[in-house]
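Chemist: Let me give you the structure first, and then I'll get to my questions.
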Amino acid sequence: MKKIISVLLVVLFFCSCSEYQTALKNEDVAVKFDVASKLYDAGKYSKAIRLFEQLAPAYRGKPQGEKLFYMYSQSCYKTKQYYIAGYQFDSFIAGYPKSEKAEECAYLGAQSYSMLSPVYSIDQTDTFKAIEKMQGFIDSYPNSQYIAQANETYRKLNDKIERKVYENALEYNRISNYKSAIIAFDNFIADFPGTPYKEKALYYKFDSAYVFAMNSVPSKMEERLNTAKTYYLNLVKFRPNTEYKTKVDEMSAQIDLELQKYNK
């Protein structure tokens, strides 16, 4: 019995392959569409895509193309071809804005772009694109069945940008470019007021200002020491029991000693 089943499976496999190869060469778009639909339903998305690519020019902009371009977009998404999927979902929305699949395609299109978002440590161009797309979906479909997932993805994308901006500011401190570090941390805190990195940002902003002041030329030292002192006060006001308290208190005391020279 097992041998008979195995033989039947082999026969079906070769028949399927033969049908697919015939469809690739067939000029009849109806035949291609039928085979492509069967492949899609069977989960053979890569093969279906080849036929969809051949069919696209003939169906683009036509009412009967709605099903084809939906399956084409889905096939790209399911095979993790996210650049192509994002483009195809966008094209589907543009071509069939009133389709009952429009909401789903808008979400999956935005999700495709989010899948292209890289780790926070490298260029975030694709992340910004994904945020724009996901925000567009959220604005267009506030009551969507996908809204919870969309909001969560949007949050994760923004968190990635937030981490990137923080790390960029921190890098200035690490390479001793303290003036740029102060500006970068100022901008970071202004742009992300609720950030979980705020305590660290306030600390490294103070640290940058402290080192910058202590190494200043005499004519600018007093002003910069006072500025650094302000940053210290901002930190301890925000987090009185900051994890950096011992260190920053020592730095503040050193600032006070230096400022005494200017009060005499």
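The values are calculated or read from the model by the stated rules, or taken from the named source; none is laboratory data. The structure displayed is predicted, hence computed values, not measured ones. Note that we place each Cβ from the backbone using ideal geometry, even for glycine, and neighbour counts take in every protein chain shown. Please note that ligands, DNA and RNA were not included when accessible areas were found on the heavy atoms of the full protein model with its side chains. Shrake-Rupley method; radii C 1.70, N 1.55, O 1.52, S 1.80 Å.
Chemist: Looking at (1) farther than 20 Å from Gln149 by Cα; (2) open to solvent by 40 Å² or more (accessible area, probe 1.4 Å); (3) part of a helix (DSSP H, G or I); (4) in contact with a helix residue (DSSP H, G or I) (Cβ under 9 Å, 6 or more places away or on another chain), can you tell me which one Phe69 breaks?
Modeler: Unmet condition: (2).
Chemist: Is it the case that the range 129-146 has a residue that's β-branched (Val, Ile, Thr), surrounded by 14 or more Cβ atoms within 10 Å (Cβ to Cβ), in contact with a helix residue (DSSP H, G or I) (Cβ under 8 Å, 6 or more places away or on another chain) and under 30 Å from Val211 (Cβ atoms)?
Modeler: No, the conditions are met nowhere in the range 129-146.
Conditions (1) open to solvent by 60 Å² or more (accessible area, probe 1.4 Å); (2) touching a Cys at 6+ places or on another chain (Cβ under 7 Å); (3) over 30 Å from Leu157 (Cα atoms); (4) touching a residue at least 24 places away in the same chain (Cβ under 8 Å), marked per residue:
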| position | (1), (2), (3), (4) |
| --- | --- |
| Ala184 | no, no, no, no |
| Ile189 | no, no, no, no |
| Lys198 | no, no, no, yes |
| Ala201 | no, no, no, yes |
| Asn234 | yes, no, no, yes |
| Ser252 | no, no, yes, no |
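Chemist: Now for a different question. For Glu243, indicate whether it is on the phi < 0 side of the Ramachandran plot, charged (D, E, K, R) and not in a helix (DSSP H, G or I).
Modeler: In short, yes.
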